[in-house]
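What follows draws every value from the coordinates through simple rules; no lab data is involved. In this text, all values refer to a predicted model and were calculated from it rather than measured experimentally. Ideal geometry is used to build each Cβ from the backbone, glycine not excepted, and the neighbour counts take in all protein chains shown.
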């Protein structure tokens, strides 16, 4: 019997510039192209987001930084600027590349049993910029990985994209028990924020942030004293009624996120059917799920915090406790929605907070489509003694 793939050595990074939600709210509400209705929507969206702070690679957005030739924000006038897509993408390349490399190096440095020469696959994930040769190439070159390393990039899939990356990594490990897969996600969502009266764009501007995360997936034995999660199984579902409510397109002034206020309701109405097939594979869990007691059997919940309303709907529908929701809510409060990287932040928080060996983890993330990706995992923490 083949050994299971384990996600381990998670490493996360956020940029140095901190955005305080109340200050960002006031900047967006004060823009000259925003009317009274827009101001009210901005106040409601930002105040109800469940976010205190976010991080950005754009130093100009700090209220204490002065730029002689600003691109995104003119602090003296208080105006949000509107650079074109080319300028935004060029800044993405400049800022994302070192984050990809640093996150990947951090994951390798955190693993006492894996060296750069052991890596067989690199999977990178991002939906906030494009370039070629891409980030998977940059990681191979910067970390001195073998040229023969298999490289894959998942682009423009949105907030759920780290889940198919983990799924692909587990499949590589099933095909080759000696595979060592480096998974790296970097999202610079703030590059695409803009002033607007549009309710969907206002919601997006109140939520999105920048962050990077990386981990190693391998079937190799986990060293004593380390923690990880066995990737037990995955499932993908589509809520077709939400196809137009969550989308990601390219405009002349950056990428345009459509995140309608109907998304939490759609997720609440469809989440049971979307994840039931995953639990149906385990007779014990299936019974608990159908009885509305799955939270009694699955201790930890790594839910992508797409927004506070989404977390509220999931908690209500799955009858989860406040404690089970805490990793997602605290990640949202401290760091905002970092698109695909966020789920890795939540899993890392669960492990860092001492999840016991053998406890189960349910993970789920949502994105354009409306697509729901879910997974079941088991904590593995070999005794250091």
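For the reader, a short list of remarks on this structure follows.
- Between the C-alpha center of the range 341-356 and that of the range 223-283 there is a gap of 18 Å.
- Among beta bridges from DSSP that stay inside the chain, the antiparallel ones total about 75%.
- A simple packing score, the average count of other Cβ atoms within 10 Å per residue, orders the peptides 90-97, 286-293 as 90-97, 286-293, with the highest score first.
- Projecting label points 7 angstrom from Cα along Cα→Cβ for residue 33 and residue 65 puts them 2.2 nm apart.
- Subtracting the Cα-Cα distance of residue 236 and residue 147 from 0.36 nm times their residue separation leaves 28.8 nm of extension gain.
- Taking the longest Cα principal axis of the chain as reference, the axis of helix 322-335 is set at about 50 degrees.
- Between residue 16 and residue 137, the contour length at 0.36 nm per residue exceeds the alpha carbon distance by 41.0 nm.
- Each label was represented as a point 7 Å from its Cα along the Cα-to-Cβ direction; for residue 52 and residue 23 these points are 1.5 nm apart.
- Ranked list, fewest to most other Cβ atoms within 10 Å of each Cβ, for 333, 40: 40, 333
- Taking 16 Å as the cut-off, the amide N atoms of the range 285-324 that come nearer than this to a point 7 Å along the Cα-to-beta-carbon line of residue 276 belong to 285-294, 317-319.
- Cα gyration tensor, the chain - rounded (a/c under 1.5), prolate or oblate: oblate
- Nearest 10 degrees, 0 to 90: helix 85-109 Cα axis against the chain principal axis: 30
- Efficiency of FRET between residue 117 and residue 93 - r from beta-carbon atoms, R0 41 angstrom, step 0.05: 0.90
- Separation of the residue 283 and residue 356 label points, Cα + 7 Å toward Cβ, nm: 2.5
- Principal-axis analysis of the Cα atoms of the chain puts helix 342-352 at an angle of about 50° to the longest axis.
- The three principal axes of the Cα atoms in the range 232-380 give end-to-end lengths of 50, 31, 24 Å, sorted in falling order.
- A Förster radius of 45 Å combined with the Cβ-Cβ distance from residue 74 to residue 293 puts the calculated FRET efficiency at roughly 0.25.
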